[in-house]
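The values are calculated or read from the model by the stated rules, or taken from the named source; none is laboratory data. It should be emphasised that the depicted structure is a prediction, and the values quoted were computed from it without experimental measurement. Cβ atoms come from the backbone with ideal geometry, glycine included; neighbour counts cover every protein chain shown.
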């Protein structure tokens, strides 16, 4: 699972994108819940890898 989010920099018109990989949905949801409680979080999403050269997709399918 990947959590992606955009932060709005205070007193600025700038936004920064971030991402973090998690081994399972429970840990991803924990980080997502943390992020949506922060007032500088503009957007947040939990995503799953569909196809990638960077991740073992078999492990990702079994992580749910």
How many of the residues making up region 1-37 are loosely packed, with under 11 Cβ neighbours inside 10 Å and either part of a loop (DSSP other than H, G, I, E, B) or at pLDDT below 95 (or both)? 6
What's the total number of residues in region 1-21 that are in contact (Cβ under 8 Å) with a residue 24 or more places away in the chain and touching a helix residue (DSSP H, G or I) at 6+ places or on another chain (Cβ under 8 Å)? 4
Please identify the pairs in which a residue from region 43-60 that is under 24 Å from residue 15 (Cβ atoms) has its Cβ atom under 8 Å from the Cβ atom of a residue that is loosely packed, with under 14 Cβ neighbours inside 10 Å and modelled with pLDDT of 85 or more, counting only partners at least 6 apart or on another chain. 44/36
